[in-house]
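These notes are about the structure you will find just below.
The values are calculated or read from the model by the stated rules, or taken from the named source; none is laboratory data. Since the structure is predicted, the reported quantities are computational estimates derived from the model, not experimental observations. Glycine also receives a Cβ, built like all others from the backbone with ideal geometry; neighbour counts cover every protein chain displayed.
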Amino acid sequence: MDELLDSAKKGKNLDLKEVLSLADKMGVEVREDPTTSTFKGGIQEGRKVVLLPEDARDEEGDILAGLILHELGHIRCGHYGSTLDSPEKFVLGELQANHWALTTKGGYPLEEWDWSILPGITEDLAEEFGLPLDEAWNIAKKVAKKVGVSSSSLQKAGEEVRNRS
């Protein structure tokens, strides 16, 4: 289950059909949900699901595939809402889901994506936990460093967070 997707092996963009097939193999139902405003992966009524907002069908196929793959990463890593227990768990959960989705399944080297997602994770962290952006960045940076994000990626991400302030 943790091998590269065929599209990644061929050096192509993620293929939506292939990601949906992977979800099926994982026993995960992928469906639109009019009550959700963001992509969500987890357990609902005892079933593994990825819920898509209604406007998800407007996304390009490879972008939609990546978003679904990220949610499958949460399911693969066993994140069923528990990442909101603490700011550190939140950041770790996001990094783990992205690592599985982008590195393990998508074939993207860590250095190509880690710095670019950390500012967004930082903003989400600040919003979820009511933290100032600089405090959220310090938490995100600490967790990212522990999981092996390079100092150059942390520097690039830090610059981006400062630019968003």
Do the conditions hold for Lys145, that is, is it surrounded by 14 or more Cβ atoms within 10 Å (Cβ to Cβ) and either on the phi > 0 side of the Ramachandran plot or in contact with a helix residue (DSSP H, G or I) (Cβ under 7 Å, 6 or more places away or on another chain) (or both)?
no
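Looking at Leu95, Leu133, Leu118, Leu110 in this structure, which one is more than 20 Å from Ser37 (Cβ to Cβ), surrounded by fewer than 20 Cβ atoms within 10 Å (Cβ to Cβ), hydrophobic (A, V, I, L, M, F, W, C) and modelled with pLDDT of 90 or more?
Leu133
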Note on Leu131: of the conditions (1) under 24 Å from Ala23 (Cβ atoms); (2) not in a helix (DSSP H, G or I), unmet is (1)
Looking only at residues in segment 1-15 that are assigned to a loop (DSSP other than H, G, I, E, B) and among the basic types (Lys, Arg), which one is farthest from the chain's Cα centre (by Cα)?
Lys10
Looking at Ile43 and the list (1) of a type outside the set (Lys, Arg); (2) closer than 29 Å to Phe129 by Cβ; (3) in contact (Cβ under 8 Å) with a residue 24 or more places away in the chain; (4) buried (at least 17 other Cβ atoms within 10 Å of the Cβ), which single condition is not satisfied?
(4)
